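These notes concern the structure reproduced below.
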Amino acid sequence: MTRPQRFRLGDLLVQDALVSQEQLDQALGEQRSSGRKLGQVLIDHGWITEAQIAKAVARQLRAPFIDLAHFPLRPDLAQLLPETHARRLRALVLDDGPAGLLVGFADPTDIYAFDEAARLLKRSVELAVITETHLQTALDRVYSSKQEIEGLARELTSELASVESDLGDLLGIDATSNEDAPVVRLLYSVFEQALRLRASDIHIEPQEKQLRIRFRIDGVLHVQTEADSKIAGAVALRLKLMSGLDISEKRLPQDGRFAVRLKDGTVDVRISTLPSQHGESVVMRLLSQSAGMLDLARLDMPPRMREALSRAIDKPSGLILVTGPTGSGKTTTLYGALNALNSTERKIITVEDPVEYRLPGLNQVQVHEKIDLSFERVLRSALRQDPDVILVGEMRDKTTAEIGMRAAMTGHLVLSTLHTNDALSTPARLIDMGVPRWMVAMSLQLVVAQRLVRTLCNNCAVPHEPTPQELVWLRQMLGEDVDLSRLRHGKGCAECNQLGFRGRTGVYEFLEMTLPLIEALSDPEPGVFARVGRQHMAGHTLKRDAARLVMEGRTTVDEAMRVSAQVDE
C-alpha cells in the first residue's frame, strides 16, 4: 500500500530538472517572506505548472497521477467521503479496487489526511496524486446541490403536510425565521447551483404530479430536479414575495425583479410568472449587476464586423439596429457599444424594459406600462434631456420607431433592437410597421443580425467524422475544398459537466447602408433592395459565419446547422 512520505519538494524539482537551483533559491526567499507555499510561488512565476509538480510528486511516491479533467468520476463512490471531510482533507474517492479505495489527494505528503480518510472510509486506502485546481472543480460537481435541493424539497413537502405548521414560518415571512424557512433554504440552494453551473435561466414548472426545476445552460434546458407538486404553490408564493408581486393574484401573468445575495456575490433576478393548468409557472433570468465584461473586443466578432460597428458608433448620428430572436445576445452587443461610447463628454440615455445591465455614467430608465410610462412617452421626454446617444430597448411599434428615426436624423446616435430573421429583411420590417420608406433610408446606418452558438469544451474536443448531411451542408457553405481534419466534437468531461460544450459565442452578419443600398431602398419595388443587398452581403452571412467557427474547431457542424436552420438565406 502506497502511503504519504515526507521529502523536500524543491530538491525533487531541481533533481528532475523542472526548475533551476537559482529559481528554487528565489522561490524559497519569497516563500519565507510571504508565507505562501513553495509550489504556488513557482507556479505564479510561470516556471512550472501545477500538473508538472503533481506528476513529479507521484513519481517520487510511486503513486499514480490522476488527471481529473479526463477521469470518469463516480459520484456515488466519491460521496462515501462526506463533503465537509473531502474539502477539509483535500481528498476525493476515485475508484474501488481489490486493494481498497483509490483516493486522490491534493497534498499527498499529508500523513494526517491519509490516515483520517482511511478512518472515515473504514477501508484500506490507496494513494493517488491529483491537482488542487481540478480537485476543487470535481468537488463542486460531485457534491452538487442537487441532493441538497431534493432533500430540502422533501422537507418542505413534509412541513406542508403537517397541519401544525405555520405558513409564515414555512415561507420565511417573519423576519426572525427568514433564513431558516424551508422554502428559503430550498430557493437559495437552487440559486447557488444555477450559478455554479453557469445557468442563465431557472424554470420552475408545476406538472400534474411533480414540480420540475430546469436550468438553461448555454441555451439548452436541463432538468435539475423533480419534487412533489405540493410545494409548487409555496415556492411561487415566496418568489412573488421576494419580487414584490401581488400574492393574491394567481390568474394573471406578472413580472418583477429582485436581487439575491449568495456566497459568490449578488445576482439580479428577473422573474416572470404565468398561470398554467397545474399552478403558476415561474421563469427567472439571472443577470449580472455589473457590465464590466461588456467590451466589444470580447464579443469575438469577425474583424470585418467589428470594424463596421466601430465606424457606425463613431458617427455623431444615425440609427444602429441589432436583430435576432430572444436570447441571441442583442442586449450584450448594444451594451458593448455603449461601453465604448461611455465618456464624460457624452450624455447617454437608455429606455428599456427591463434594465438588464447597470453601467455607471448612463441615465437608465425602465418603462412601466401600468403607470403609462411607455417607450413612446419616455423617448419623447428623453429627447428634451439633450442626449448625445439614446438606446431604445426595442422598436415595438410604428410610433416608437418613428421617434427613434427622427432623433437619428436630427443629430442623435440611436441604438435599438428589432425582431427580424436576418439583416437584409430589417428595412422591409420597418416599412411594414408603417415607417415611411424615405425615413428608413435617411436614418438607418447599420443593421447587425446575430445568433449564439455553443462552443466546444477544449478539454474534451476530439476529431469528428461528418455525416453525409453535414458534409453536404459544409460544401454548400464553403465549397468543395473543405478541410475535414479541422472538424471536432466534444466527448463530455468533468470540465463541461459531460455536455461537450462550454460557453457560447456569437455568429454575425451585418448590412452597412452604402449609397447603392440607400438608392435601392428608395425604389418602391422591394425586389430591387433585396437583390442589391444580397450582392452586398455575398459570402458574409450568418450561415457562413457559423461555418467559419466549425472550420476553426470551435463548434460542431450540428450546432452550426441548428443555428443556420433559423435563418433564411
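Some values worked out for this structure:
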{"item": "Matching residues in segment 216-230 - criterion: being under 18 Å from L274 (Cβ atoms) and not hydroxyl-bearing (S, T, Y)", "result": "R216, L221"}
{"item": "Segment 3-42, residues that are open to solvent by 50 Å² or more (accessible area, probe 1.4 Å), under 19 Å from A106 (Cβ atoms) and part of a helix (DSSP H, G or I)", "result": "Q31, Q40"}
{"item": "Residue selected from segment 38-63 under the condition farther than 13 Å from L12 by Cα and of a type in the set (S, T, N, Q), by the criterion farthest from the chain's Cα centre (by Cα)", "result": "Q40"}
{"item": "Sole exception among (1) aromatic (F, W, Y); (2) in contact with a Leu (Cβ under 6 Å, 6 or more places away or on another chain); (3) open to solvent by 10 Å² or more (accessible area, probe 1.4 Å) for Y357, by number", "result": "(2)"}
{"item": "Single unsatisfied condition, I390 versus (1) over 29 Å from P436 (Cα atoms); (2) of a type outside the set (F, W, Y); (3) touching a residue at least 40 places away in the same chain (Cβ under 8 Å); (4) not in a helix (DSSP H, G or I)", "result": "(1)"}
{"item": "Qualifying residues in segment 88-112 (those that are without any contact (Cβ under 8 Å) to a residue 40 or more places away in the chain and either assigned to a helix (DSSP H, G or I) or of a type in the set (F, W, Y) (or both)) - the one most open to solvent (accessible area, probe 1.4 Å)", "result": "Y112"}
{"item": "Selection count, segment 472-514, where residues are under 17 Å from the mean Cα position of the chain (by Cα) and of a type outside the set (V, I, T)", "result": "11"}
{"item": "Filter result for T410 (farther than 19 Å from P325 by Cβ, open to solvent by 50 Å² or more (accessible area, probe 1.4 Å) and within 31 Å of the chain's Cα centre (by Cα))", "result": "no"}
{"item": "Segment 515-549, residues that are without any contact (Cβ under 8 Å) to a residue 24 or more places away in the chain and either in contact with a helix residue (DSSP H, G or I) (Cβ under 8 Å, 6 or more places away or on another chain) or part of a helix (DSSP H, G or I) (or both)", "result": "L515, P516, L517, E519, A520, D523, G527, V528, R531, V532, Q535"}
{"item": "Condition broken by T331, with the remaining ones in (1) farther than 20 Å from T505 by Cα; (2) touching a residue at least 40 places away in the same chain (Cβ under 8 Å); (3) β-branched (V, I, T) satisfied", "result": "(1)"}
{"item": "Every residue from segment 67-87 that is more than 16 Å from A118 (Cβ to Cβ), part of a loop (DSSP other than H, G, I, E, B) and either acidic (D, E) or over 29 Å from the mean Cα position of the chain (by Cα) (or both)", "result": "D67"}
{"item": "Positions within segment 240-286 being in a helix (DSSP H, G or I) and either β-branched (V, I, T) or modelled with pLDDT under 90 (or both), in sequence order", "result": "L241, M242"}
{"item": "Subset of segment 366-401 that is buried (at least 21 other Cβ atoms within 10 Å of the Cβ) and of a type outside the set (A, V, I, L, M) - its residue that is nearest to R270 (Cα to Cα)", "result": "G393"}
{"item": "Residue, nearest to G503 (Cα to Cα), within segment 314-333, restricted to residues that are outside any loop (DSSP other than H, G, I, E, B) and open to solvent by 10 Å² or more (accessible area, probe 1.4 Å)", "result": "T332"}
{"item": "Residues of segment 192-229 classified as part of a helix (DSSP H, G or I) and either out of contact with any strand residue (DSSP E or B) (no Cβ under 8 Å at 6 or more places or on another chain) or surrounded by 20 or more Cβ atoms within 10 Å (Cβ to Cβ) (or both), total", "result": "3"}
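This table checks each residue for (1) touching a residue at least 24 places away in the same chain (Cβ under 8 Å); (2) touching a Leu at 6+ places or on another chain (Cβ under 8 Å).
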residue	(1), (2)
D228	yes, yes
V235	yes, yes
K240	yes, no
S243	yes, no
I247	no, yes
P253	no, yes
R270	yes, yes
S276	yes, no
V282	yes, yes
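The values are calculated or read from the model by the stated rules, or taken from the named source; none is laboratory data. Source: prediction; values computed, not measured. Every residue, glycine as well, gets a Cβ built from its backbone with ideal geometry; the counts of neighbours run over all protein chains shown. Side chains are part of the model used for accessible areas, which takes the heavy atoms of the whole protein and leaves out ligands, DNA and RNA. Shrake-Rupley method; radii C 1.70, N 1.55, O 1.52, S 1.80 Å.
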